[in-house]
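Below: one structure, written as structure tokens.
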Amino acid sequence: MSVVLLWVVSPASDIYNGTGFLEPVREGTRIIGSFRSISPRRNLIGNGRLDKGQKNRRNFSFTNTGFRYSYLGNSGLGTESRLSVTSSLVASPAGGITLSSEQKVYDVVLKQAALVKRQLKSTENMEVKPDIVLPGSLSVLSEAYDRCGEVCAEYAKTFYLGTMLMTPERRKAIWAIYVWCRRTDELVDGPNASHITPTALDRWESRLDDIFRGRPFDMLDAALSDTVCKFPIDIQPFRDMIEGMRMDLWKSRYSNFDELYLYCYYVAGTVGLMSVPVMGIAPESQATTESVYNAALALGLANQLTNILRDVGEDARRGRVYLPQDELAQAGLSDEDIFIGEVTDKWQTFMKKQIARARKFFDDAEKGVTELSSASRWPVWASLLLYRQILDEIEANDYNNFTRRAYVSKPKKIMALPMAYAKSLVPPLSRTSSPLVKS
């Protein structure tokens, strides 16, 4: 159950690709991939949905290193803080001391921030190295980015609208990241998730390594391969997202919030770390790089916690409980209460605390959005405001997230867009740091 995206490995193909199953058929030195479309279940950012009446089938051809891919798709356009070491140490069952999930995640934040500081987006680093395979012709690469944009427009209309304010290079890069995340999430959350095995995820991670080496498997991979070549993006958040998919294969309960925090980072917090290098930090910002990444992490965590609270009933019907078991017990609740699905005083009290935590993460995220480059703020503000309203809707439903799905109505979405745009015009504050992301 993740905030992000969707893709699947079928028994016949091992790897599910783009907007359909890639079923390679070898013909000498060629691989021909056929695709069939799927329906969306979750969004990376926004609440877009594919309109069945907008399907427009197109054929693409992509030739690279002796392989040919035939693509049949659908078009549907319509104070700097660090974690305290003492507060991050937790006792293990064996009596030892281990790092908390927050510290583990913060180490990834520092690594990505350091990558940006080294300014890897330089002319030297943007040159294609001799051992990197070119991802097809420029026209095919352009078409790959266009297809990524179409997928984003189909599944995340509001966010797509916001990306149109970005510079062309940043816009295309965000689309490529969005599509990869959607495909990854579909591996365990899509219609054929029952066919996914740990081996399939290992192959998907190997394919990710090839993308970062400049050896894309298909045209959508080529768009991401080009993106990570141009921007200082670290591979670790992508690997961590795949790790979150692995967790969904075997884990359906979380003992405490520390465990849940790590899961939320894997499946959603990673998106912020992937995206900020592309969105950029405002030149006039006085905030530290680490604090901006902490805020991006907070937004992903807030979105995922919101998804979890919204989808309690849906997840329960799948035998999953994404709520801290120790906090449920403290509230006098158990999994059985969730499976029964009755809104009681205990449940309402429990939900109020969970919603308060999610809102705290949204508060932390807000402190960093203003530090982004001016052309990147609007889609992020729109995502933040719209997702935050889902918590309001849960409250409006009297905390009945068992049988009633909280959603933001279309009029409220429309009203949020100008508000998000107005917030995006506010320049960075004159400060040297932003608060650390903590629960």
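The values are calculated or read from the model by the stated rules, or taken from the named source; none is laboratory data. Here the structure is a predicted model, which is why all the values come from computation and not from measurement. Don't worry about glycine lacking a Cβ; one is built from the backbone with ideal geometry, like all the others, and counts go over all protein chains shown. Protein only, heavy atoms only, side chains kept; ligands, DNA and RNA dropped before computing areas. Shrake-Rupley method; radii C 1.70, N 1.55, O 1.52, S 1.80 Å.
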Exercise for the section: Please state, to two decimals, what the Cα-based radius of gyration of region 164-249 comes to when divided by 2.2 N^0.38 Å (N = residues). Expected result: 1.11
Completion exercise
Sorted by chain and number, the residues with a modelled amide H under 5 Å from that of Leu372, at a separation of 5 or more or across chains, are Ala282
Exercise for the section: Work through the residues other than Thr163 whose Cβ is under 15 Å from its Cβ and net out their charges, Lys, Arg +1 and Asp, Glu -1. Expected result: +3
Exercise for the section: Return the distance in nm (one decimal) between the two label points of a simple spin-label model at Ser142 and Gln330, each offset 7 Å from Cα along Cα→Cβ. Expected result: 5.7
Problem - Sites Gln286 and Arg359, calculated FRET efficiency, Cβ-Cβ separation with R0 35 Å, nearest 0.05 - result: 0.85
Fill in the blank from the handout: Pairs over 30 Å Cα to Cα, from Lys367/Lys410; Lys172/Lys367; Lys104/Lys410; Lys353/Lys423; Lys251/Lys412, come to Lys104/Lys410; Lys251/Lys412
Exercise for the section: Would you mind calculating the gained length between Lys111 and Ile235 on full extension (0.36 nm times residue separation, minus the Cα-Cα distance), in nm to one decimal? Expected result: 43.6 nm
Completion exercise
Mean separation of Cα contacts under 8 Å (at least 6 apart) over the residue count of region 247-345, i.e. the relative contact order in percent, is 40
Problem - Global geometry of region 292-376, whether rounded, prolate or oblate, following the gyration tensor of its Cα atoms and the 1.5 cut on a/c - result: prolate
Exercise for the section: Just reorder Leu141, Leu384 by solvent-accessible area, largest first, 1.4 Å probe, all chains present. Expected result: Leu141, Leu384
Handout entry: Loop-resident sites, region 283-318, for trypsin sites (Lys or Arg not before Pro), counting at most 12 other Cβ within 10 Å (DSSP)
Key = Arg317, Arg318
Problem - For region 374-418, accessible area per residue (1.4 Å probe, heavy atoms of protein chains only), Å² - result: 45
Problem - With DNA, RNA and ligands ignored, accessible area of Asp345 (1.4 Å probe; Å², nearest 10) - result: 120
